[in-house]
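J.: I am attaching a structure below and will ask some questions about it afterwards.
What follows draws every value from the coordinates through simple rules; no lab data is involved. Every value quoted in this text rests on a predicted model; they were computed, and no experiment measured them. Neighbour counts are summed over all protein chains in view; Cβ atoms, including those assigned to glycine, are modelled from backbone coordinates with ideal geometry.
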Amino acid sequence: MERAGAFQFKGEVTLVGPELKVGDQAPAFTAVGNDLSTVDSRSFAGKVRIISSVPSLDTGVCDTQTRKFNEAAAGLGEDAVVLTISADLPFAQKRWCGSAGVDRVITLSDYRDHAFSKAYGTYIKEWALCSRAVFVVDRNDRIVHVEYVPAAGQEPNYDAALEAARAAL
């Protein structure tokens, strides 16, 4: 499934994958951890998940988005987890987290097979990157909040995502 013109990144680009909606079952996926391990999304079962998809941590808005969710993660407690997913290499993600002091968000790389971005409809066909989006998944693996941000330079609605996560706790 392709959605032409669904995202602005140096012009209109095509997103590949389904456009998920509130109430949908959250697709399972694997990604690469900062230690090069394969991380299965099912390992977070039973927790409320904020999944923050960004094009690259080394850009201004992605940096801001990840830092804001890192700050908010502390107030969500042990029953919630915040994941930031990009196609950045795991080495770059680890370096960025260290220099940014990000220690509550789990960064995962989608570089290997783009399993996350293709399952969640954030794969940018022209650039092999993730688009900007935020998903909140409840303890029963149902999506309770979804925001496909229309442009790379635009921040998501943090408050709406955090309200959905708190309500799911």
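J.: Please arrange VAL13, VAL82 by how many other C-beta atoms lie within 10 Å of their C-beta, fewest to most.
T.: Listed from fewest to most nearby Cβ atoms, that is VAL13, VAL82.
J.: Out of all DSSP beta bridges with both ends in region 1-117, state the antiparallel percent to the nearest 5.
T.: Working: 8 of 19 bridges.
Approximately 40 percent, going by the DSSP bridge assignments.
J.: Also: Fully extended, how many nm does the chain gain between ALA4 and SER37 (0.36 nm per residue separation, minus their Cα-Cα distance)?
T.: Answer, rounded to one decimal: 8.6 nm.
J.: Right, something else. Please identify, among LEU76, LEU57, LEU20, the residue showing maximal mean-square fluctuation in a Gaussian network model of the chain using a 10 angstrom Cα cutoff.
T.: The residue with the greatest mean-square fluctuation here is LEU76.
J.: For THR38, THR14, what's the fewest-to-most ordering of other Cβ within 10 Å of each Cβ?
T.: Arranged by neighbour count, lowest to highest, THR38, THR14 become THR38, THR14.
J.: Between GLU78 and ARG95, what is the label-to-label distance in nm when each label sits 7 Å out along the Cα-to-Cβ direction?
T.: Roughly 3.6 nm, to one decimal.
J.: Please report the relative contact order for region 51-144, taking Cα pairs under 8 Å with a sequence separation of at least 6, and give it as a percent rounded to a whole number. Walk me through the numbers on the way to the answer.
T.: Values: 137 pairs, mean separation 32.0, N = 94.
Computed value for region 51-144: 34 percent relative contact order.
J.: Moving on. Which pairs, out of LYS21/LYS94; LYS47/LYS125; LYS10/LYS47; LYS21/LYS47; LYS68/LYS125, put more than 24 Å between their alpha-carbon atoms?
T.: The answer is LYS21/LYS94; LYS47/LYS125; LYS10/LYS47; LYS68/LYS125.
J.: Under a Cβ-Cβ cut-off of 10 Å, what is the net charge of the residues other than PHE9 that fall near it, where Lys and Arg count +1 and Asp and Glu count -1? Walk me through the intermediate numbers first.
T.: Values: positive: LYS10, ARG132; negative: GLU12, GLU126.
Here the charged neighbours net out to 0.
J.: Any chance you could list P(r) for region 1-102, counting all Cα-Cα pairs in 5 angstrom bins from zero, rounded to whole %?
T.: For region 1-102, the pair-distance distribution reads 2, 10, 17, 22, 23, 16, 8, 2, 0.
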